[in-house]
Amino acid sequence: MSRADLSRLLLLGALWGASFLFMRMGADEFGPLALVFLRVAGASLLLMPLVLLRGEGPALRRHWRVIALVGVVNTAVPFVLFTTAALVLSAALMAVFNATVPIWGALVAWVWLHDKLSASRWLGLAIGVAGVVFLSWDKADFNAGAQAITTAIGPAISPAVGIAACLLASVLYGIGANVSRRHLTGVPPLAVAAGSLVSASVFTLVPALWTWPAATPGAAAWGSALALAVGCTALAYVLFYELIARVGATKAISVTFLIPAFALLWGWLALGERPTVSMLTGCAVILLGTALATGLVSLPGRLGRSPGP
């Protein structure tokens with residue numbers, strides 16, 4: 001990569017890593033549904049004019065049904081799940097679970113699209129799942145008591161529920177990516193992103209109004225919502241698709257390995273969240289599995305080759 005592209009990659013990792021921090025800071029006062037609606041609606045207002053200026057409106061209209069589905073499966077529901085998890089899990093832990101998205105994407109592609117996986121990629125899937133089990137083992141407390149955060153918008157949830165929400169969101173991201181691959185290949189990516197955000201806004205509007213907090217959220221919560229919409233969603237999407245165009249999808253997806261590091265850094269600086277040895281170990285195992293499962297790293301010889309085209 002050039003220095004400019006490397007700078008874009010680092011900025012993208014910093015923005016997506018910060019999204020978990022801002023979810024932590026805003027979820028308690030807004031609640032998951034209201035915060036997600038502000039995030040996707042704000043980003044939609046910023047990205048849609050850009051899509052129209054680029055002349056990509058016709059493509060958006062032609063494929064609006066699939067894009068609307070992607071907006072629900074790949075944006076609205078995962079955002080709500082991660083924001084719910086933010087009530088009880090640290091920013092870094094959520095980001096580590098988010099790093100499993102390529103693993104679930106590869107597994108969904110194998111089941112649904114009949115992708116052939118080499119022994120190296122199968123090993124990566126196994127290592128990644130083992131990392132998830134290891135990381136979840138001492139966190140999966142079903143007691144919504146001392147470890148849970150009692151919120152202003154509803155009952156406390158347990159850490160186990162938060163972990164399950166993160167993993168379900170990651171699986172949905174993997175499904176959404178394969179839906180896009182199957183039905184939206186050739187459609188301008190930014191149009192897909194903007195259209196899916198509009199769909200997510202429509203999907204979460206009524207639930208957000210229904211659960212809108214009775215007490216007015218503070219300035220920090222509103223600032224978190226603004227940062228999520230402008231920086232962590234609208235700007236991040238523009239950076240991501242620009243990177244894909246400049247250096248290719250394989251190099252752009254390497255941002256997966258930067259997000260947990262930045263989430264850990266922001267959580268430590270802003271909230272005093274200190275990583276444990278088990279968290280760092282689990283993170284390393286999951287990232288190794290992700291690298292193998294996605295083919296970014298492969299074993300030498302026949303183990304690293306796919307068995308078919």
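Rule-based calculations on the coordinates, nothing more; no lab input. Since the structure is predicted, the reported quantities are computational estimates derived from the model, not experimental observations. Every residue, glycine among them, receives a Cβ derived from its backbone with ideal geometry; neighbour counts consider all protein chains shown.
List of remarks:
- Fewest-first sequence of His183, His63, His114 by Cβ atoms within 10 Å of each Cβ: His114, His183, His63
- FRET efficiency, 1/(1 + (r/R0)^6) with R0 35 Å, evaluated for Arg61 and Thr281 via beta carbons: 0.10
- Helical runs (DSSP H, four residues minimum) scored at -39500 (n - 2.57) apiece and divided by the length of the chain put the mean residue ellipticity at 222 nm at -22500 deg cm²/dmol.
- Averaged over residues, the count of other Cβ atoms within 10 Å places the peptides 40-47, 240-247 in the sequence 40-47, 240-247, highest first.
- Mean Kyte hydropathy of 0.5 or more with a Cα span along the axis of at least 20 Å, helices from DSSP in the chain: 3-30, 32-53, 119-137, 159-183, 189-210, 277-293
- Most mobile listed residue (Leu168, Leu209, Leu15) in the chain, GNM with C-alpha springs under 10 Å: Leu209
- For Met48, Met279, Met94, Met1, order by how many other beta-carbon atoms lie within 10 Å, fewest first: Met1, Met48, Met279, Met94
- Rg over Rh, two decimals, the stretch 1-129 (C-alpha only, Kirkwood Rh): 1.01
- Ranked from largest, the principal axis spans of the Cα set of the chain equal 60, 50, 38 Å.
- Amide H contacts under 5 Å for Glu273, placed H, 5+ residues apart: Trp268
- Note on Leu226 and Ile244: their simple-model spin labels are 3.0 nm apart, each label 7 Å out from Cα toward Cβ.
- A Förster radius of 25 Å, combined with the Cβ-Cβ distance separating Arg181 from Val206, puts the computed FRET efficiency at roughly 0.25.
- Stretched out straight at 0.36 nm per residue, the stretch from Leu10 to Leu53 would grow longer than its current Cα-Cα span by 12.7 nm.
- Ranked by the mean number of other Cβ atoms within 10 Å of their residues, highest first, the peptides 186-197, 263-274 come out as 186-197, 263-274.
- Between Ala86, Ala160, Ala214, the residue with the greatest mean-square fluctuation in the GNM of the chain (Cα pairs under 10 Å linked by springs) is Ala214.
- Annotation: extensible slack from Arg3 through Ala214 equals 71.2 nm (criterion: 0.36 nm per residue apart, minus Cα-Cα distance).
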